[in-house]
Structure formats: C-alpha cells, structure tokens
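**Q** Can you keep this structure in mind? I'll have questions shortly.
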Amino acid sequence: IVKQEGFLALYKGTGPALMLTSHGGVQFVVYEFLRKHFHYARAQRSSTERSSVMKRLEDSLGYLTIGAISKMVASTVTYPLQVIKSRMQQPSSSIELTNTGDVRIVKRSYGGLLSTVQRILKKEGISGFFKGAIPNAVRVAPSAAVTFVVYETVMDVLEVD
C-alpha cells in the first residue's frame, strides 16, 4: 500500500471508522428501549429465590430476540458509514473481468469523506449506501443475540438492576 499509494493511504477511511464507534451506542439504546418496552425487567429477587426453568427460558428467548433486533437496527443505521469507509479504502486501481470476459484495469478515485458521499449518491443513489446491508445484518444478529443473553445472565448474577 505504501509503495503504490503512499504513507497516508494507510489512513484512508479513518473518519468514517471513528464515526462507526457510534454503532455500539445505537445498539445499546435500541436494546434498552426494546427491553423496557416489552417489559423484560431484570430479576429482582433475593439470592435464595430461584426462577423456574421455563421462566428463565422464556426470558432468554426474549433477550435473544431483542438482542438480535437491536444489532440489526444498529447495523442498518450505521451501514452507510461502513460503505463509505470501504469505498475510501479501495485500491486506486484494480483488474476486473467484464461481462464479455475481457480484462480491464479500473481506476477508482474515492477522495475524502464528502467526495465519496457525493460520488455514491450520484452513481448509485441512496440505495448505494445500503448495498449488502441485509446479509450483514443477518450475519451479525446471532452473535449479538447470544451476547445479550450472557449480558443479562451476568447482570442477574451480579444483581444489577
């Protein structure tokens, strides 16, 4: 990268990457909103009292669902930043095959943040910012669902409200 595009090419997409740190915040806000909206209050019990297996299973399924939904929402909301970052980080030229089987060299010149946004809007429209958003959301939802079940279990064990 340094040989072909220079030292600063190592920092392409840093602006959108820094803005992507908001992803976790969006995810937790949505999660807490859904948890409260659907009345999934954390257990308030004495250490000797135990919930039934069915109640714990029901709560876990609720947390799985809410966790998956919150991750999908956060991923979709912040996905345009991911697209912008990825476009900015693309090599300035690459070799591609055309539909007819010919080989061609394609020049890409995504500059800064604003020029990248303008170029995507001009060439692809709003939908260009969401290319691949659905497969991405489906890919990340299961791990987030499990993460939130573990999170709620730890909060329950620590008796945090």
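The values are calculated or read from the model by the stated rules, or taken from the named source; none is laboratory data. Source: prediction; values computed, not measured. Don't worry about glycine lacking a Cβ; one is built from the backbone with ideal geometry, like all the others, and counts go over all protein chains shown. SASA here: full protein model, heavy atoms, side chains in, ligands and nucleic acids out. Shrake-Rupley method; radii C 1.70, N 1.55, O 1.52, S 1.80 Å.
**Q** Residue check, G101 against (1) modelled with pLDDT under 90; (2) under 30 Å from F7 (Cα atoms), all met but one. Which one?
**A** Against the list (1) modelled with pLDDT under 90; (2) under 30 Å from F7 (Cα atoms), G101 comes up short only on (2).
Yes or no, residue by residue, for (1) open to solvent by 60 Å² or more (accessible area, probe 1.4 Å); (2) in contact (Cβ under 8 Å) with a residue 60 or more places away in the chain; (3) not in a loop (DSSP other than H, G, I, E, B):
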{"site": "I95", "(1), (2), (3)": "yes, no, yes"}
{"site": "I105", "(1), (2), (3)": "yes, no, yes"}
{"site": "S109", "(1), (2), (3)": "yes, no, no"}
{"site": "K123", "(1), (2), (3)": "yes, no, yes"}
{"site": "F129", "(1), (2), (3)": "no, no, yes"}
{"site": "V140", "(1), (2), (3)": "no, yes, yes"}
{"site": "V146", "(1), (2), (3)": "yes, yes, yes"}
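**Q** Out of contact with any Phe, Trp or Tyr (no Cβ under 8 Å at 6 or more places or on another chain) and at pLDDT below 90: is that true of S52 in this structure?
**A** Taking the combined requirement at face value, the residue satisfies it.
**Q** Here's something else I'd like to know. Mind checking whether some residue in segment 52-59 is under 28 Å from the mean Cα position of the chain (by Cα), in contact (Cβ under 8 Å) with a residue 40 or more places away in the chain, in a helix (DSSP H, G or I) and more than 23 Å from V138 (Cβ to Cβ)?
**A** So far as segment 52-59 goes, yes, one or more of its residues are under 28 Å from the mean Cα position of the chain (by Cα), in contact (Cβ under 8 Å) with a residue 40 or more places away in the chain, in a helix (DSSP H, G or I) and more than 23 Å from V138 (Cβ to Cβ).
**Q** I've got another one for you. For residues that are in contact (Cβ under 8 Å) with a residue 60 or more places away in the chain and outside any loop (DSSP other than H, G, I, E, B), scanning just segment 10-39, find the one that is farthest from the chain's Cα centre (by Cα).
**A** Looking at residues that are in contact (Cβ under 8 Å) with a residue 60 or more places away in the chain and outside any loop (DSSP other than H, G, I, E, B), I get G15.
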